[in-house]
Amino acid sequence: MARKRTDVERSARDRGEEPQEVLDRNVGELLQETRVATAGVQFLFAFLLTLPFTQRFGELTDFQRDLYPLTLLSTTCAAIVLIAPVSFHRVLFRQHEKEAVVAFADRALLVGLVLLLVGIASAVLLVLDVVLGRGWAVAACTLVAVLGLGLWFVLPAARRAR
């Protein structure tokens, strides 16, 4: 935890703020990011929950039926993990634990985004396997996974390394 305190203090010094002001701003930013990511996962989750109740669901191949639980569970876990910072903040509200909230939310959002990317890519694979066939589905899923990894993780990590 000492490292985080140093980061907060350094950020406060660089911006001419008090450490508590930095933490307040960080909490606000993280909760806003959570809102954005959660909206996306909710739409995908809703779609996946209705899928088994459609007439065509019974016509899925074994591969498609096996892929569905992975897609549903990764999206479900993404929703839980992306919403967790809100709960964490609420339970620790007024307990002088803002630094812990920021540290937890930072990690949870990264894990949630990984799970969301798995959910999105596998949903693309599932839907396009039904609509276009396996070859196109795998190609599109690969494109989605590479694009997501690149834009969500590799590009920011490369920028951070500089």
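How high is the relative contact order of the chain, in percent, counting Cα pairs under 8 Å that sit 6 or more residues apart? Before the final figure, lay out each step's value.
Details: 137 pairs, mean separation 35.8, N = 162.
Once divided by the residue count of the chain, the mean separation gives 22 percent.
Please give the per residue accessible area of the chain, computed with a probe of 1.4 Å over protein heavy atoms only, in Å².
Result: 64 Å² per residue.
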Cα centroid of region 19-64 to Cα centroid of region 96-162, whole Å: 12
Residue-averaged 222 nm ellipticity for the chain, from DSSP H runs of 4+ at -39500 (n - 2.57), nearest 500: -28500 deg cm²/dmol
Convex hull volume of region 81-120 per residue (C-alpha atoms, cubic angstrom): 38
Ranked by how many other beta carbons lie within 10 Å on average, peptides 106-119, 29-42 from highest: 106-119, 29-42
Rounded percent of accessible protein surface that carbon and sulfur make up, region 1-88, 1.4 Å probe: 61
Cα gyration tensor, region 82-162 - rounded (a/c under 1.5), prolate or oblate: oblate
Rg/Rg_ref, the chain, where Rg_ref = 2.2 N^0.38 Å and atoms are Cα: 1.28
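The values are calculated or read from the model by the stated rules, or taken from the named source; none is laboratory data. This structure is a prediction, so every number in the text was calculated from the model and none was measured. Cβ coordinates were reconstructed from backbone atoms using ideal geometry, including for glycine residues, and neighbour counts include every protein chain displayed. To get the accessible areas, we keep the full protein, side chains included, count just its heavy atoms, and leave off ligands, DNA and RNA. Shrake-Rupley method; radii C 1.70, N 1.55, O 1.52, S 1.80 Å.
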